[in-house]
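**Q** First, the structure itself, so that you have it in front of you.
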Amino acid sequence: METSAATGQEAAVLDDGPADGLRVRVTGRPRAIQVTYPCEVDAALGGVRAEALYIYRRDLRVEHEPLRYGFDAASP
């Protein structure tokens, strides 16, 4: 894959964790990506919802597409 010159986006792959293998497009090589997954709630009062939060951190050793982001089991 090539970087889109018009948008500055690059391909990235998430490694390990609940989003293992997910391919995304990123802009500006963020150091971390936040992935959320909706949780089922018994009674959503006033539109309240719950989501599980997962953090993936960029592998700085990878300099070319696809960029790699590894699951950070210790955060948050």
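**Q** Taking only protein heavy atoms into account and a 1.4 Å probe, give the accessible area per residue of the chain in Å². Walk me through the numbers before you get to the answer.
**A** Working: 5430 Å² over 76 residues.
So the chain comes to 71 Å² accessible per residue, rounded to a whole number.
**Q** May I pose another question? What fraction of the DSSP beta bridges in the chain is antiparallel, stated in percent and rounded to the nearest 5? Write down the numbers at each step before the final one.
**A** Numbers: 17 of 21 bridges.
So the antiparallel bridges amount to about 80 percent of the total.
**Q** Ordered by residue, what ³J(HN,Hα) values in Hz, to whole numbers, does segment 14-24 give under the Karplus form 6.51 cos²θ - 1.76 cosθ + 1.60, where θ = phi - 60° and Gly and Pro are x?
**A** 8, 10, 6, x, x, 10, 3, x, 5, 9, 9
**Q** Still on this structure, please answer the following. Step through the residues of segment 41-54 one at a time and calculate ³J(HN,Hα) from phi using the Karplus curve (6.51 cos²θ - 1.76 cosθ + 1.60, θ = phi - 60°), rounding each to whole Hz and writing x for Gly and Pro.
**A** Per residue, the Karplus-derived 3J(HN,Hα) values read 10, 6, 9, 7, 8, x, x, 5, 9, 10, 9, 7, 10, 10 Hz.
**Q** Of all accessible surface on the chain at a 1.4 Å probe, what whole percent is carbon and sulfur?
**A** Working: 2770 of 5430 Å².
Carbon plus sulfur share of accessible area: 51 percent.
**Q** I would also like to ask the following. State the label only: which of (i) 6.6; (ii) 4.4; (iii) 9.0 corresponds to mean projected area of the Cα convex hull in nm² computed from the shown model?
**A** Only one option fits the structure, namely (i).
**Q** Tell me the relative contact order for the chain as a rounded percent, counting alpha carbon contacts under 8 Å between residues six or more apart. Spell out each step's value before the answer.
**A** Working: 138 pairs, mean separation 24.8, N = 76.
Relative contact order, the chain: 33 percent.
The values are calculated or read from the model by the stated rules, or taken from the named source; none is laboratory data. Remember, it's a predicted structure, so these values are computed and weren't measured experimentally. For accessibility, only protein heavy atoms count, side chains too; no ligands or nucleic acids. Shrake-Rupley method; radii C 1.70, N 1.55, O 1.52, S 1.80 Å.
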